[in-house]
Amino acid sequence: MSSSSKTFAELFDTFDREAFRLETLDDYGKSGNVDAFQSFLAGEPQPEDYNADWVAELHSHISKGKRVYRVHILSRPLTPYLRFELGWGYQKNMSGGEQFFVLDTTEQPHPLEGVPDFWLFDSTDTAVLGYDEVGAFLGAEVLEAARAREFVEYRERALAHSEPFTDWWAKYGE
């Protein structure tokens, strides 16, 4: 249920400068790309058109001078899903201009314990994402703009404790 007049989908269509995503789960295997995840697990090569719609959307945003970026909080060893997401998803999405950061809690305290997954648009609009215990997407709640400051602080804390994905992947990627 939404507590704002904007819908989650509208936020992607209307943001002006930046869209930030915080990912906190080790497994989103029941949320979209289920077939691709199974192909990855079976050792099949990544299809040429994998994530093509999202990459096209990214190109559209980036060509207009917008930024799309995310931080994923994780710890090693990586789950099979994270190996898939980082190996297939992040690599492919970077070709569309999305930027990725990793907040690895393997050897440092978790600075955002209990913070939910969310998208933050232009530091003013927040959509909190809900997932069940097996990583299936349950929906998004678009919050009132007054709540944005809290999520801006979460974003800043996540970025302060993270490193660029490409640097992290060079050290720990599989």
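Laboratory data are not the source of any read-out in this text; all were calculated from the coordinates shown. Given the structure is predicted, the values throughout are model-derived calculations rather than measurements. Glycine gets a Cβ as well: all are built from the backbone with ideal geometry, and neighbour counts include every protein chain shown.
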quick note, region 7-152, DSSP beta bridge pairs, % antiparallel (nearest 5) is 50
Region 99-172, Kirkwood Rh and Cα Rg, ratio Rg/Rh at 1.00
Note: Leu138 to Ala42 extended length (0.36 nm per residue) minus current alpha-carbon separation gives 31.9 nm
Of region 142-174, those with amide N under 16 Å from the point 7 Å along the Cα→Cβ vector of Arg76 are 162-174
With 0.36 nm assigned to each residue of separation and the Cα-Cα distance removed, Ser5 to Lys30 gains 6.1 nm
Given 25 °C, 0.890 mPa s and a Kirkwood radius over Cα pairs, the Stokes-Einstein diffusion coefficient of the chain in µm²/s is 147
Footprinting proxy, Leu103, Leu58: sorted fewest to most Cβ within 10 Å, the residues are Leu58, Leu103
Violations at 30 Å Cα threshold for listed pairs Lys30/Lys64; Lys30/Lys171; Lys92/Lys171 -> Lys30/Lys64
With Rg from the Cα atoms and Rh as the Kirkwood inverse mean 1/r over Cα pairs, region 1-63 has an Rg/Rh of 1.04
Listed by chain and number, the residues whose amide H is under 5 Å from that of Ser75, excluding neighbours fewer than 5 places away on the same chain and using placed H, are Thr105
